[in-house]
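Undergrad: This structure is in structure tokens; I'll ask about it shortly.
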Amino acid sequence: MAQGATTPHERQAHYWVPAPMPWPIMGSIALFLMALGAVFVFNSLRAGWVSLAAGSMLLLYMMFRWFGDVIRESEGGRYGRWEDVSFRWGMSWFIFSEVMFFAAFFGALFYVRVLSVPDLASITHREMLWPGFEGHWPSAGPAFEEKFTPMAAWGIPAINTLLLLSSGVTVTIAHWALKENRRGMLNLFLLLTILLGVVFLGLQVYEYGHAYAELNLKLSTGAYGSTFFMLTGFHGFHVTVGVIMLTVILLRCLAGHFRPDHHFAFEGVAWYWHFVDVVWLGLFVFVYWL
Amino acid sequence: MSAVADHVHGHGHAHDHHGGYRGVMRWITTTNHKDIGTLYLWFSFVMFMVGGVMALVIRAELFSPGLQVVDPDFFNQMTTMHGLIMVFGAIMPAFVGFANWQIPMMIGAPDMAFARLNNWSFWLLPFAALLLILSFFVPGGAPGVGWTLYAPLTVQMGIGMDLTIFAIHILGMSSILGSINIITTILNMRAPGMTLMKMPLFCWTWLITAYLLVAAMPVLAGAVTMTLTDRHFGTTFFNAAGGGDPVLYQHIFWFFGHPEVYIIALPAFGVISQVIPAFSRKPLFGYASMVYATAAIAILSFIVWAHHMYTVGMPVTGQLFFMYATTLIAVPTGVKVFNWVATMWRGSLTFETPMLFAIGFLFLFTMGGFTGLVLSLVPIDIQLHDTYYVVAHFHYVMVAGALFAAFAGVYFWLPKWTGRMYDETLGKWHFWLSMIFFNITFFVQHFLGLAGMPRRIPDYPLMFETWNKISSIGAFGFGLSQLLFLYIVLKAIRSGEKAPEKPWEGADSLEWTHLPTPAPYHSFETAPVLK
Amino acid sequence: MATTIHCKSTMLRTAFAAIALAAAGSAGAIQSKYNLAPPVTAIARDIHWLHWMMLIICGVIFVAVFGVMFYSIWAHRKSKGAQPADFHESTKVEVVWTVIPFLIVIGMALPATKTVVAMKDTTNADLTIKVTGYQWKWGYDYLKGEGEGISFMSRLATPREQIEGRQAKGEHYLLEVDNELVVPVGKKVRVLTTAADVVHSWWIPAFGTKQDAIPGFIRDTWFRADKTGVYRGQCVELCGKEHGFMPIVVRVVSQEDYTKWVGEKKKQLAALADDPNRPWTLAELKARGEKVYAANCVACHQANGKGAPPAFPALDGSPLVLGPKEKQIDIVLNGVVKDGKPTAMAAFGKQLNDVEIAAVITFTRNNWGNQTGDAVQPAEVKALRK
Ligand code: HEA
Ligand code: HEA
Ligand code: CUA
Ligand SMILES: [Cu+2]
């Protein structure tokens, strides 16, 4: 059996075990306030906004400080090869957990398309419960009476696919530049990646507006609306997070952080960006196209 | 296990133990795996008390037919919260506590790979628990939908449902972060020479459990998120009128839920695999096959989920597929049981409290496994689904299984953690009282289920009275016996006899062979050398 | 018969059956205290048989495994001077105890497979009945076969006084209903299940028939009872507050009795059919309304009209009940929907007819402290139906 991830001679003698700090508990309080606030808001209690806002601010502050500490430690040379391997494992498994989160929603999509909608249109169901239901996808279910237009694949979504795919290329070029220590090119391509992400998001927002205003396609448009907006919505949220992370990385690059052989933060974000990219391909194929 | 090369006793205590924080702040900010392990263990015990009191409310109401103690709505809230708190608040955190204390010591690591994240994983829990408990105090009270939170009953619930949903999100975050940490620690922090196949089995079971958690918890998060949007934002995932399906919820939930039961069971298997060899004074039989069996259980656990849903009206092919897959799980689990017995065979056995609980585990868990197998056959399950037979099944695997294993682990490692011995006589009392009252409580529930008593009901037809009375008496006895456990642990910590360096003759993992007792605050700042 | 299990060893089968019979106790018992209810359908008999098979196989393995363990505990203890052996591996035994259990579990699943297939075969039914789960009662509609057109609700008949301990509990406490489902003996009955609100589950232990009732979907199962008698079961899927109080009672009768029952039931239903077109007096409406209230509303709003706030509002003194009739008619007909989601206050428009709704509203407006003196006429309800 292999020796695990690192071989002894690659290891420094000590692993960096950080000192106690208050950020985690602050994060917990923040999430608690946000959860409480969200619950109140969802139940039409105005006061929830206060708690939600306070929690969000606290969370932002906490992330700012925590990441700040980590960045300082990293630039201060605390992390050697051994810690680096930990970060790699950590990020990989985190991304795996995200994959499983999307899997739940893709599962729901396949289920309604392949099982529940056709079933509701089967003879027994049509005779006894849902007269006249056709059960063709896209469908908003048997009790949905308004008309809506599903989102076409070959307009904005296709453009968005191109955008995200190219952003995958640009971030890879940036990575290559970093390894070659060509900082100008690194900054340029990182910026390009961010811009592509921002344009993607802009188009997505436009598409949502279009759906609500012209297609009568809403979150409440039955199974189609639910799966469409939840899947693309969570994806959009992940793109947003990715863009923010890329921006932080760009700022760090501009500040002269990272070395050709020591830049896990950059790589982690790049992995995340590729993950978001791959999810989009799934969306494009199963939500928009087929 | 690797032979001792040199003892690393009494290494540097140069820097400040508690990083400048004192008092409560020490515990709030700590990055030390032992501190965090302790926090997890105490938290889980408190939650066990809370969940246990809820169980007693349930048993008190069921003592006699008719409504006496609580109204039906509150009864449902009790059932729901008892299930959620026991599973997410008591059993899971208890084993994460063990992982925190033991894994770094067992693999020769200085700490967990992500010490700060570790702190966060723990400190998310009390706040999630707070949200759960808060739900009792909002209009409408806590959700009364069962721990499985089936749609569309969830849509009818009040604010408490939303609090529960967010609590589950936060619990899930905690589990995922904790698991990533454990996986990384095991893969990357082993001392040189500690190959994967030399790791104590406890580390293996946790590696695989953590994998299950990372794969399953996000799916649960998805399920409750869809519940939330169905409740408030007009989505129709679980509503036929919009093309969704209430059964879709069940599929998603059990895709998480079945791996979840192995998340509960596997670390327990790990503890038992440390305890039995130690008191048999013989190495674990079939180490490699134990590893493979654990992995096989984990893989199979993702393709059996619909055995909780035989009565929803799946196509016959679906029922058959899930039936065959489910029965297969008996094979790797059987391998484990056989290996444990073979470890005891021709050993040199002694029966201190940890060993007693391990044997109790083995005996009763296997019974629970067999009733699981009975339920796995579609026709029988269609008869027994949602009856007390199922309740009996899962308490055998979760209480006599997971909980007994946790007791075994506490007694086993308490000397290492605190440097003090517990009172052996009282420990034996704790075991025998638990063993007897457990069976009084839950054995009769098999009869109730067979005879037709549905679960989740606050009142029942007269013919079920006798068994319910017995079960309720057993439950109170079992609950009281746990106070003895609390007493034993507190007594050991405060005034226990000093523990010898190696209290268990047959224990051979690193924490026993390479570290003094009690274990120093920082164990392996430099890696031990193993051959 | 299609559902009979063919077992290689008929000897074994007979042995199992004998034990099953002995354990079932006196023939004709409707319930058992230790074991599955005595079966009255072929499927239930198969289930019984499978259960005994499992019990015996698992019992034998259990005794074997723990026989070894307890022998070891007895013989290999340190206090008796046992020295630990040092074997800790054997590929041979590992393979043996992987393969043998594998064969055993396949052997268990095979006979079960036959029963599963038989359970799913709902074709060629003599009688088809639709069962609808409501919070918290069952609706039965005879769809096809003799009795077609019969349709009624079936609710718990045990008085609240018994549940709350103010009265001695009767023999069939919680297992009695106002309208039993009646079916002929020896006929294949197909049961279609669905639900109006949340998931319920329809179960008669003696038939080995359990099927979830899922809102918006139709699922089916079947039974053929081969003994007359009254068979009782309960809702077995958590469906809210009164989940423990929605029993199921099936009366299996001879063919002649069934025909007689169908005739009577049809007459009775015709007589019961309320005439929404004639004016009703206040007293008539109140009397009728009291019954409707007791059957449909008490669970939440309570007999004293005080409800259980904040979850279930009081009707006694409620401004809404004392206010304009139209608003209240609307609530009872269509339920209360808040933020787009239905509340526990369901729409009763489909379950109750105009007379019943008019009556229950009149009752709530003229009972407890509410004394409006209004009589709400069925015609008013009819006019407000959408
Ligand atoms: C620790 C938790 C745990 C564990 C380990 C298990 C283990 C198993 N469970 Fe259990 N189960 C639960 C927790 C657990 N379960 C819970 C919580 C529920 C209810 C959830 C709810 O609805 O609220 C449940 C419900 C449940 C159901 C659904 C019942 C219903 O609702 O209708 C089924 C059906 O198949 C089932 C089956 C099994 C099987 C086959 C195993 C197997 O893994 C068991 C394998 C073990 C053995 C078989 C014994 C040892 C083996 C040998 C000695 C080898 C030789 C044996 C043979 C060859 C026969 N379980
Ligand atoms: C690992 C998890 C776990 C554990 C440890 C337990 C422990 C216990 N459970 Fe648990 N139970 C579940 C998981 C668990 N349960 C789940 C998942 C469900 C399903 C929920 C659902 O249907 O949704 C369930 C459902 C369930 C039911 C069915 C409820 C219903 O269907 O309505 C019952 C009924 O008897 C029950 C009883 C008990 C009892 C008596 C204990 C005892 O072991 C508890 C003992 C502990 C204590 C009592 C606390 C400690 C002692 C004190 C605080 C001292 C004070 C004591 C006295 C004064 C006596 N449980
Ligand atoms: Cu209806 Cu439970
Ligand atoms: Cu399961």
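The values are calculated or read from the model by the stated rules, or taken from the named source; none is laboratory data. Bear in mind that the values here come from a model prediction, so they are computed numbers and not experimental data. Ideal geometry is used to build each Cβ from the backbone, glycine not excepted, and the neighbour counts take in all protein chains shown.
Undergrad: Given the conditions (1) more than 16 Å from ligand 1 (Cβ to nearest atom); (2) touching a Gly at 6+ places or on another chain (Cβ under 8 Å), report the number of the one that B:Pro454 does not fulfil.
TA: (1)
Undergrad: One residue is enough: does region B:74-84 have a residue meeting the conditions within 16 Å of ligand 4 (Cβ to nearest atom) and modelled with pLDDT of 95 or more?
TA: For region B:74-84, residues within 16 Å of ligand 4 (Cβ to nearest atom) and modelled with pLDDT of 95 or more: present.
Undergrad: Quick check, is C:Ile47 more than 7 Å from chain B (Cβ to nearest Cβ) and either charged (D, E, K, R) or out of contact with any strand residue (DSSP E or B) (no Cβ under 7 Å at 6 or more places or on another chain) (or both)?
TA: no
Undergrad: Return the residues of region B:326-358 that are touching a His at 6+ places or on another chain (Cβ under 8 Å) and within 14 Å of ligand 4 (Cβ to nearest atom); say none if nothing qualifies.
TA: Within region B:326-358, just B:Thr326 meets the criteria.
Undergrad: Going through region B:254-271 one residue at a time, which ones are more than 10 Å from every other protein chain (Cβ to nearest Cβ) and aromatic (Phe, Trp, Tyr)?
TA: B:Trp254, B:Tyr262, B:Phe269 - these are the residues of region B:254-271 that are more than 10 Å from every other protein chain (Cβ to nearest Cβ) and aromatic (Phe, Trp, Tyr).
Undergrad: Still on this structure, I have one more. For region B:101-108, check the following and say yes or no: at least one residue is outside any helix (DSSP H, G or I), more than 15 Å from ligand 2 (Cβ to nearest atom) and under 30 Å from A:Trp66 (Cα atoms).
TA: yes
Undergrad: So in region B:299-332, with the set limited to residues that are assigned to a helix (DSSP H, G or I) and of a type in the set (Gly, Ala, Ser), which one is nearest to the other protein chains (Cβ to nearest Cβ)?
TA: B:Ala330
Undergrad: Hey, another quick one. Kindly check whether there is at least one residue in region B:250-257 that is within 16 Å of ligand 3 (Cβ to nearest atom), more than 28 Å from the chain's Cα centre (by Cα) and either at pLDDT 95 or above or closer than 18 Å to B:Pro93 by Cα (or both).
TA: No, the conditions are met nowhere in region B:250-257.
Undergrad: Output yes when any residue across region B:54-65 is without any contact (Cβ under 8 Å) to a residue 12 or more places away in the chain and over 27 Å from A:Arg88 (Cβ atoms), and no when none is.
TA: Scanning region B:54-65, I find no residue that is without any contact (Cβ under 8 Å) to a residue 12 or more places away in the chain and over 27 Å from A:Arg88 (Cβ atoms), so the answer is no.
Undergrad: Would you confirm, using the coordinates I've provided, whether C:Glu89 is more than 16 Å from ligand 2 (Cβ to nearest atom), in a loop (DSSP other than H, G, I, E, B) and more than 30 Å from C:Leu174 (Cβ to Cβ)?
TA: yes
Undergrad: Can you pull out the helices (runs of 4 or more DSSP H) entirely within region A:94-181 that have at least 2 residues that are within 25 Å of A:Glu207 (Cα to Cα)?
TA: A:156-179
Undergrad: For the list (1) crowded, with 18+ Cβ neighbours inside 10 Å; (2) assigned to a helix (DSSP H, G or I), I need the number of the one condition that C:Asn35 fails.
TA: Result: C:Asn35 passes all but (2).
Undergrad: Within region A:46-65, identify whether any single residue is charged (D, E, K, R), part of a helix (DSSP H, G or I) and either crowded, with 19+ Cβ neighbours inside 10 Å or more than 8 Å from chain B (Cβ to nearest Cβ) (or both), and answer yes or no.
TA: Yes, region A:46-65 has at least one match.
Undergrad: I need every pair where a residue in region B:308-322 that is within 14 Å of ligand 1 (Cβ to nearest atom) has its Cβ under 7 Å from the Cβ of a residue that is among the charged types (D, E, K, R) and assigned to a helix (DSSP H, G or I), sequence separation at least 6 or different chains.
TA: Final answer for the pair search is B:Tyr310/B:Asp381.
Undergrad: Follow-up. Looking at the structure I just gave you, is C:Lys144 touching a strand residue (DSSP E or B) at 6+ places or on another chain (Cβ under 7 Å), at pLDDT below 95, in the same structural domain as C:Cys239 (by TED's automatic domain parsing) and under 27 Å from B:Val247 (Cβ atoms)?
TA: Taking the combined requirement at face value, the residue satisfies it.
Undergrad: Let me ask you something else. Could you name every one of the strands (runs of 3 or more DSSP E) located completely within region C:140-250 that has at least 1 residues being under 20 Å from B:Leu450 (Cα atoms) and facing chain B (nearest Cβ under 10 Å)?
TA: Per the criteria, C:200-204, C:209-213, C:229-234.
Undergrad: Right, another one. Against the definition (closer than 20 Å to B:Ile263 by Cα, of a type outside the set (A, V, I, L, M, F, W, C) and either within 16 Å of ligand 1 (Cβ to nearest atom) or under 16 Å from the mean Cα position of the chain (by Cα) (or both)), how does B:Gly144 come out, yes or no?
TA: Answer is no for this residue.
Undergrad: So, of the residues in region C:211-232 that are within 16 Å of ligand 1 (Cβ to nearest atom) and over 15 Å from B:Asp245 (Cβ atoms), which turns out to be surrounded by the fewest Cβ atoms within 10 Å (Cβ to Cβ)?
TA: Of everything passing the filter in region C:211-232, C:Gln211 is surrounded by the fewest Cβ atoms within 10 Å (Cβ to Cβ).
Undergrad: Here is a follow-up. In region B:495-517, is there at least one residue being within 14 Å of chain C (Cβ to nearest Cβ) and within 16 Å of ligand 1 (Cβ to nearest atom)?
TA: Within region B:495-517 (the criterion being within 14 Å of chain C (Cβ to nearest Cβ) and within 16 Å of ligand 1 (Cβ to nearest atom)), the answer is no, since none of the residues qualifies.
Undergrad: Also, I was wondering about something else. If you take just the helices (runs of 4 or more DSSP H) that sit entirely in region B:357-474, which of them hold at least 3 residues that are more than 14 Å from ligand 2 (Cβ to nearest atom) and in contact (Cβ under 8 Å) with a residue 40 or more places away in the chain?
TA: Filter on region B:357-474 gives B:378-384, B:404-418, B:424-451.
Undergrad: Restricting the search to region B:381-413, which residues are under 22 Å from C:Asp46 (Cα atoms) and more than 15 Å from ligand 4 (Cβ to nearest atom)?
TA: B:Ile382, B:Gln383, B:Thr387, B:Tyr388
Undergrad: Also, quick follow-up: Against the condition away from ligand 2 (no atom under 16 Å from the Cβ), in contact with a Ser or Thr (Cβ under 9 Å, 6 or more places away or on another chain) and in contact (Cβ under 8 Å) with a residue 60 or more places away in the chain, how does C:Asp274 come out, does it pass?
TA: Taking the combined requirement at face value, the residue does not satisfy it.
Undergrad: Tell me which helices (runs of 4 or more DSSP H) are completely within region B:139-243 and hold 3 or more residues being more than 11 Å from chain C (Cβ to nearest Cβ) and touching a residue at least 24 places away in the same chain (Cβ under 8 Å), or say none if there are none.
TA: By residue number, B:159-188, B:201-232.
Undergrad: Of all residues in region A:84-128, how many are within 8 Å of chain B (Cβ to nearest Cβ) and farther than 25 Å from A:Leu283 by Cα?
TA: 4
Undergrad: What single numbered condition from (1) polar (S, T, N, Q); (2) at the interface with another protein chain (Cβ under 8 Å from one of its Cβ atoms); (3) out of contact with any Phe, Trp or Tyr (no Cβ under 8 Å at 6 or more places or on another chain) fails to hold for A:Ser139?
TA: In the conditions (1) polar (S, T, N, Q); (2) at the interface with another protein chain (Cβ under 8 Å from one of its Cβ atoms); (3) out of contact with any Phe, Trp or Tyr (no Cβ under 8 Å at 6 or more places or on another chain), A:Ser139 misses (3) alone.
Undergrad: Does A:Gly282 satisfy the condition of being outside the structural domain of A:Ile71 (by TED's automatic domain parsing) and within 17 Å of the chain's Cα centre (by Cα)?
TA: yes
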